[in-house]
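To keep things clear, I will list the structure first and then write my remarks on it.
The values are calculated or read from the model by the stated rules, or taken from the named source; none is laboratory data. Everything numeric here is computed off the predicted structure, so don't read it as measured data. Here the Cβ is made from the backbone with ideal geometry for all residues, glycine too, and neighbour counts use every protein chain on show. These area figures cover heavy atoms from the full protein model, side chains too; ligands, DNA and RNA do not enter into them. Shrake-Rupley method; radii C 1.70, N 1.55, O 1.52, S 1.80 Å.
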Amino acid sequence: MYIQPVNNNIQVRYKPPQMPDARNNYMIVDSNKVDAFVKQGESALPYISDILRHSNNETQITETLYILDRMIDGGVKNVDKMYPVLSRFNNTKSPDIQTFLAGIYRKIQVPDAFGPLVKMLVQNSLNPNPAPFFDPNEEIGGAILSYISPGFRN
């Protein structure tokens with residue numbers, strides 16, 4: 001089951017996401033689906049939160065994190081209040097989930113996320129799980145740097 005935007009109880013069919021592969025080192029999602037969530041703004045956050053709270057499907061989680069990332073870029077407020085839900089993935093070994101989670105943490109700058117980012121980077125260094133298509137440590141490291149840069153406020 002993949003997430004559907006909450007929109008007048010209308011079920012719309014969207015293309016399933018495509019995870020990174022040998023041809024694309026990025027995730028491909030249905031832009032109409034992403035746009036539908038971004039347009040709903042804060043009202044979509046409870047639905048996004050519910051998916052992240054209950055799903056164990058890596059593709060669905062990654063797609064949802066991607067959508068949440070685009071929502072942040074679209075100016076949706078209060079995503080930082082979702083940290084308790086997002087923190088569920090702080091110990092993930094999935095390079096895809098790690099990458100999007102670190103990107104979100106970089107943008108929302110929740111102080112509680114700093115430690116898990118460092119832990120993620122150290123664990124990835126000690127127990128390399130080679131990502132076949134990209135290295136999540138680039139995003140994790142960038143998120144850590146954004147936390148320690150002079151512009152960070154606690």
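Every residue in the stretch 40-52 that is touching a residue at least 12 places away in the same chain (Cβ under 8 Å) and open to solvent by 80 Å² or more (accessible area, probe 1.4 Å), please.
Filtering the stretch 40-52 for residues touching a residue at least 12 places away in the same chain (Cβ under 8 Å) gives 40-45, 47-49, 51-52.
42, 43, listed by residue number.
Please name all residue pairs, on different chains or six or more residues apart, with Cβ atoms under 8 Å, provided the first residue is in the stretch 81-100 and is within 12 Å of residue 124 (Cβ to Cβ) and in contact (Cβ under 8 Å) with a residue 40 or more places away in the chain and the second residue is of a type in the set (Gly, Ala, Ser) and crowded, with 17+ Cβ neighbours inside 10 Å.
Once the first residue is within 12 Å of residue 124 (Cβ to Cβ) and in contact (Cβ under 8 Å) with a residue 40 or more places away in the chain and sits in the stretch 81-100, its partners that are of a type in the set (Gly, Ala, Ser) and crowded, with 17+ Cβ neighbours inside 10 Å give 95/131.
Would you confirm whether any residue within the stretch 80-90 is assigned to a loop (DSSP other than H, G, I, E, B) and open to solvent by less than 60 Å² (accessible area, probe 1.4 Å)?
Just the residues of the stretch 80-90 that are assigned to a loop (DSSP other than H, G, I, E, B), to begin with: 90.
Subsequent filtering for residues that are open to solvent by less than 60 Å² (accessible area, probe 1.4 Å) retains 90.
Checked against the condition, which is being assigned to a loop (DSSP other than H, G, I, E, B) and open to solvent by less than 60 Å² (accessible area, probe 1.4 Å), the stretch 80-90 yields at least one hit.
Assigned to a helix (DSSP H, G or I) and either of a type in the set (Asp, Glu) or surrounded by fewer than 13 Cβ atoms within 10 Å (Cβ to Cβ) (or both): is that true of residue 145 in this structure? Break it down into steps so the answer makes sense when it comes.
Details: assigned to a helix (DSSP H, G or I): yes; either of a type in the set (Asp, Glu) or surrounded by fewer than 13 Cβ atoms within 10 Å (Cβ to Cβ) (or both): yes.
Yes; evaluated as a whole, the condition is true for this residue.
Take the stretch 62-79 and flag every residue that is within 19 Å of residue 140 (Cβ to Cβ), among the aliphatic types (A, V, I, L, M) and open to solvent by 10 Å² or more (accessible area, probe 1.4 Å).
Within the stretch 62-79, 72 is the sole residue that qualifies.
As an exercise: evaluate residue 57 against (1) under 20 Å from residue 21 (Cα atoms); (2) crowded, with 17+ Cβ neighbours inside 10 Å; (3) modelled with pLDDT of 95 or more; (4) of a type outside the set (Val, Ile, Thr) and give the number of the one condition it does not meet.
(2)
If a residue must be open to solvent by less than 30 Å² (accessible area, probe 1.4 Å) and either over 21 Å from residue 24 (Cβ atoms) or not hydrophobic (A, V, I, L, M, F, W, C) (or both), how many such residues does the stretch 93-103 contain? Full working, then the answer.
If we filter the stretch 93-103 for residues that are open to solvent by less than 30 Å² (accessible area, probe 1.4 Å), which is where we start, we get 94-99, 101-103.
Among the residues that remain, those that are also either over 21 Å from residue 24 (Cβ atoms) or not hydrophobic (A, V, I, L, M, F, W, C) (or both) are: 94-96, 98-99, 103.
Looking only at that region, the number is 6.
Looking only at residues in the stretch 115-130 that are crowded, with 18+ Cβ neighbours inside 10 Å and touching a residue at least 24 places away in the same chain (Cβ under 8 Å), which one is farthest from residue 25 (Cα to Cα)?
The initial filter retains those residues of the stretch 115-130 that are crowded, with 18+ Cβ neighbours inside 10 Å, namely 116-117, 120-121, 124.
Still in the list and also touching a residue at least 24 places away in the same chain (Cβ under 8 Å): 116-117, 120, 124.
Details: 116: 25, 117: 22, 120: 21, 124: 19 Å.
So, considering only residues that are crowded, with 18+ Cβ neighbours inside 10 Å and touching a residue at least 24 places away in the same chain (Cβ under 8 Å), the one farthest from residue 25 (Cα to Cα) is 116.
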